[in-house]
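Okay, so here's the structure we're looking at.
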Amino acid sequence: MWQTMRLARNANQLMLLLGMICLVLALLIVAYYAIAVPVEKSFGERYVDNELPLIFPFYVIMSFKPVTVITYLSFAGAVLILEASKDRLRKLETRGARILLLFLVFASGYEVIWNFFAWFTTWRVTGGALDLLPNVTHEYILLPANFNFATKITFLIFALSLYATLFLQNLEQGTS
């Protein structure tokens, strides 16, 4: 029994460490491209207009835009940290958090759908590079948002809030 508890604690610590590493790597990519590409025409374009070189043999198969890697690392990091924190989170009241998360699911889900329709409608009307289209359907104080960047970040918020809602519900029901 003690060995099982020790293994579970070690697994949780490993997941927590891996989750933090994922989030730190995502932040490093954000910082690197913010410094390497200081000027952009639309907000987030610096994370879309570049490709991350992958090591052999993966670069032959595909490459990723920085925003894609940031999204993947952020999702993986958050999930790993939540899973590692299950025992501590079981002790907390989660109703308020679930209500807030459900609102985020609704709002971000709506925004993802809106972004996809606006993005492809803009592309059909104006043409050009699909990844570099700015959202000019609104007035912006500084820069218009890049559709690719905004859609991926909004989908990350949608996916994380949906996962966290289901995660907390399972904790409350004792099914995880």
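Please find, among LEU156, LEU92, LEU143, the residue that is among the aliphatic types (A, V, I, L, M), part of a helix (DSSP H, G or I) and either over 19 Å from the mean Cα position of the chain (by Cα) or surrounded by 13 or more Cβ atoms within 10 Å (Cβ to Cβ) (or both).
LEU156
If you scan the range 81-100, which residues turn out to be under 23 Å from LEU18 (Cβ atoms) and touching a residue at least 24 places away in the same chain (Cβ under 8 Å)?
Passing the criteria: ILE81, LEU82, GLU83, ALA84, SER85, LYS86, ASP87, LEU89, ARG90.
So which residues in the range 119-132 are of a type in the set (A, V, I, L, M, F, W, C) and either touching a residue at least 40 places away in the same chain (Cβ under 8 Å) or touching a Gly at 6+ places or on another chain (Cβ under 9 Å) (or both), if there are any at all?
LEU132
Could you tell me which numbered condition LEU133 fails, if it satisfies all but one of (1) under 26 Å from VAL30 (Cα atoms); (2) modelled with pLDDT of 95 or more?
LEU133 satisfies every listed condition except (2).
Checking ASN148 against (1) more than 11 Å from the chain's Cα centre (by Cα); (2) of a type outside the set (Phe, Trp, Tyr); (3) farther than 15 Å from VAL69 by Cα, which single condition isn't satisfied?
So ASN148 meets the others, but not (3).
Of these, ALA78, ALA34, ALA8, ALA26, which one is over 17 Å from the mean Cα position of the chain (by Cα), modelled with pLDDT of 90 or more and part of a helix (DSSP H, G or I)?
ALA34
Which members of the range 147-168 meet the condition of being over 14 Å from PHE116 (Cβ atoms) and in contact (Cβ under 8 Å) with a residue 24 or more places away in the chain?
Hits for the range 147-168 are LEU156, ILE157, ALA159, LEU160, SER161, LEU162, TYR163, ALA164, THR165, PHE167, LEU168.
Please specify each residue of the range 23-58 satisfying the condition of being closer than 17 Å to LEU143 by Cα and without any contact (Cβ under 8 Å) to a residue 24 or more places away in the chain.
ALA34, VAL37, PRO38, VAL39, ARG46
Condition first: touching a Phe, Trp or Tyr at 6+ places or on another chain (Cβ under 9 Å) and surrounded by 13 or more Cβ atoms within 10 Å (Cβ to Cβ). Can you find one or more residues in the range 166-176 that meet it?
Looking for residues that are touching a Phe, Trp or Tyr at 6+ places or on another chain (Cβ under 9 Å) and surrounded by 13 or more Cβ atoms within 10 Å (Cβ to Cβ), one finds at least one in the range 166-176, hence yes.
Kindly provide the set of residues from the range 125-140 that are closer than 16 Å to GLY44 by Cβ and not in a loop (DSSP other than H, G, I, E, B), ordered by number.
LEU130, ASP131, LEU132, PRO134
Select from the range 81-124 the residues that are at pLDDT 90 or above and of a type in the set (Asp, Glu) and write down the one among them that is nearest to SER42 (Cα to Cα).
Among them, the one singled out is GLU111.
Criterion first (without any contact (Cβ under 8 Å) to a residue 60 or more places away in the chain, of a type in the set (Gly, Ala, Ser) and in contact with a helix residue (DSSP H, G or I) (Cβ under 6 Å, 6 or more places away or on another chain)) does ALA107 satisfy it?
It is false that ALA107 is without any contact (Cβ under 8 Å) to a residue 60 or more places away in the chain, of a type in the set (Gly, Ala, Ser) and in contact with a helix residue (DSSP H, G or I) (Cβ under 6 Å, 6 or more places away or on another chain).
Can you work out which of the residues in the range 61-75 that are without any contact (Cβ under 8 Å) to a residue 60 or more places away in the chain and not in a helix (DSSP H, G or I) is surrounded by the fewest Cβ atoms within 10 Å (Cβ to Cβ)?
Ranking the qualifying residues of the range 61-75, first place goes to MET62.
The values are calculated or read from the model by the stated rules, or taken from the named source; none is laboratory data. Treat the numbers as computed from the prediction; the structure is a model and nothing was measured. No Cβ is skipped: glycine too gets one built from the backbone with ideal geometry, and neighbour counts run over all protein chains shown.
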